[in-house]
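Structure, as structure tokens:
The values are calculated or read from the model by the stated rules, or taken from the named source; none is laboratory data. The model shown is predicted, which means the values in this text are computed figures rather than measured ones. Positions of Cβ are backbone-derived with ideal geometry, glycine not excepted, and every protein chain shown enters the neighbour counts. These accessible areas exclude ligands, DNA and RNA; they are computed on the full protein's heavy atoms, side chains included. Shrake-Rupley method; radii C 1.70, N 1.55, O 1.52, S 1.80 Å.
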Amino acid sequence: MRRVRIDPLYAVAAVLLIVVIGLAIFVGSNAQSQGRSGSALDGTSGGAARLRALLDELGGRTVIVQGERFSPRDTGVNVLFMLGATEPVDDADAVAVRTFLQGGGTLIVATDLGLAESSVLRTYGLSLGDGAGPSRYDASSVITASAGQITVDRGRILTLSDRWSPVMRSDGRTLAAMTREGSGTLIVVGSLAPFINQYLGVADNGRFALSLAAAGFGAGRSIGFDEYHHGAHPSPELLAVLERTWFGRAMLLAGALIFVYLWWSGRRFGPALPADPRPPRSSLDYIRGFAGLLRRSGRDEIARERLRRDLRLGLAARYGLDPATPLDRILATAGADDPALAAEARATDAALAGRLRDNELLRTVARIESLVAKKERP
């Protein structure tokens with residue numbers, strides 16, 4: 001059995017392609033479905049534009065947190081909503097979160113899966129447990145006293161360490177909890193539902209969201225929405241775009257693959273091989289090859305039709321008739337001169353109308369040559 005040799009470059013390209021696809025799935029996995037973004041810039045049913053508008057109407061000042069790097073403390077916001085991050089919160093971002101909290105800020109993290117925010121959640125000893133379906137949760141903390149009950153369509157139940165205090169619970173299952181870090185407060189909600197446009201007006205969801213943002217109201221205070229982890233961190237520098245965005249990294253990877261391919265394909269391993277010393281093929285080789293293809297394909301009707309045409313043209317030339325004369329008229333003329341020859345020609349044509357073995361086809365060729373041979377003059 002012949003072994004198939006795989007080009008190492010193809011193997012490397014396949015591995016890198018799988019890595020890129022995995023990263024793309026990971027980045028987009030926290031965007032639960034089309035339209036459920038949690039972005040304050042999204043006015044669809046899954047966005048949080050209505051929550052931002054509500055805060056503005058009540059006298060709050062809202063700020064979009066974005067830029068080349070994530071640094072909420074430098075923006076001057078007092079309350080920050082991190083709703084359904086679609087890009088991973090890396091270790092540097094987790095340090096920025098800690099700095100923001102220790103400076104007295106309030107961070108509300110809402111997520112349906114908790115994948116992108118896992119570095120923050122692990123730092124403070126919180127994890128997401130079982131999934132939660134459509135249900136209601138009751139307030140269990142003074143900070144949400146104005147919101148008696150909230151409604152969610154789906155989410156995750158929180159698994160808390162000792163430092164956490166429940167904020168919203170139902171039958172011993174905690175959907176929202178809070179903890180202190182320095183002089184700041186971290187609040188985690190295991191669902192985006194209370195904040196998005198579709199469910200903001202259901203039950204006490206709106207009051208719940210407003211109560212969490214209470215520390216952002218007042219003179220000189222503001223409420224921020226994290227759009228950095230929704231991809232809003234543009235930079236005028238091309239190098240920064242290539243280094244800090246997944247699209248830029250994909251472009252760099254594609255360029256590296258093209259470079260490796262060009263380098264690898266132009267590399268010669270070992271001495272140059274001499275030219276093929278075999279002589280060129282003759283026309284007979286091509287004829288034999290074509291005949292072999294016809295034989296293996298079983299399409300011998302091409303050869304049979306050609307032989308029938310040669311028989312008709314040869315007999316017409318033998319008896320001085322127009323080459324376009326039908327075979328029946330040619331055979332009638334031949335029968336008047338030589339009935340035996342006409343009968344043999346008719347039988348040969350009939351035999352060529354059906355399938356013939358190779359040896360029979362060769363004998364038919366010889367028979368046609370004798371039939372179409374011109375008569376000798378006396």
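Among 322-328, 182-188, how do they line up from the highest to the lowest mean number of other beta-carbon atoms within 10 Å? Intermediate results must be reported in sequence, preceding the final value.
On the way: 322-328: 11.1, 182-188: 19.4.
So the order, starting with the most tightly packed, is 182-188, 322-328.
So which trypsin sites (Lys or Arg not before Pro) in region 127-188 end up in coil per DSSP with only 14 or fewer other C-beta atoms within 10 Å?
Details: sites: 136, 154, 156, 163, 169, 173, 180; in loops: 154, 163.
Passing both the DSSP loop test and the Cβ count: 163.
For region 312-378, with every protein chain kept in place, what is the accessible area per residue (1.4 Å probe, Å²)? Display every interim value, and only then the final one.
Numbers: 4360 Å² over 67 residues.
Here the per-residue accessible area is 65 Å².
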How large, in percent, is the carbon and sulfur part of the accessible surface of region 88-154 at a probe radius of 1.4 Å? 53
Can you tell me the accessible area per residue over region 26-175, all protein chains present, probe 1.4 angstrom, in square angstrom? 43
